[in-house]
Amino acid sequence: MSLKLAVLSTVGTSILGNIERNLDKLALSQRSREVFGNRAKPPPSRLPIDDELQSLFEEWSARGGGEVLEDAVKALSGGDPPAGFSAELNSLIAFINSLPARHVIGELRLQFYQPTREPPGSARGP
């Protein structure tokens, strides 16, 4: 008998912050270096929801990628451990590894969502 497991998780900005902190260690495209290394404005992990760059990320995502998003996926998949660039992925892996019957999971579905507005009373840090 195999189990079906569905996991719903929020998507945050940890991967963006980790790319920003490790810019010099990653093989990124010139465009990604411009996006993540622009010191004239807040980095992508700290942008307000209505920033122009947020709209670009949405456009890239709607088109199925683009070099900046592809570089983010490469950073995530090339990490050691692979989850090293994403707090959300770290927590999912820890959760799945904690299951006593994980060897009988026949199907795993991961659903991610990104809140579009900050909850009342919350604020992003500087």
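Each value in this text was obtained by applying a stated rule to the coordinates, not by laboratory testing. Computed from a predicted model, the values in this text were never measured in an experiment. Positions of Cβ are generated from backbone atoms using ideal geometry, with glycine treated the same way; all protein chains shown enter the neighbour counts.
Inside region 27-50, residues that are assigned to a loop (DSSP other than H, G, I, E, B), without any contact (Cβ under 8 Å) to a residue 40 or more places away in the chain and small (Gly, Ala, Ser) make up a count of 1.
Screening the candidates Glu34, Glu67, Glu20 for the property of being of a type in the set (D, E, K, R), over 12 Å from the mean Cα position of the chain (by Cα) and exposed (fewer than 13 other Cβ atoms within 10 Å of the Cβ) yields one hit, Glu34.
In region 1-17, how many residues are more than 20 Å from Gly66 (Cα to Cα) and either surrounded by 11 or more Cβ atoms within 10 Å (Cβ to Cβ) or β-branched (Val, Ile, Thr) (or both)? Break it down stepwise before answering.
As a first pass, look at region 1-17 and keep what is more than 20 Å from Gly66 (Cα to Cα): 1-10.
Now restrict to residues that are either surrounded by 11 or more Cβ atoms within 10 Å (Cβ to Cβ) or β-branched (Val, Ile, Thr) (or both): 3, 5, 7, 9-10.
Total satisfying the criteria: 5.
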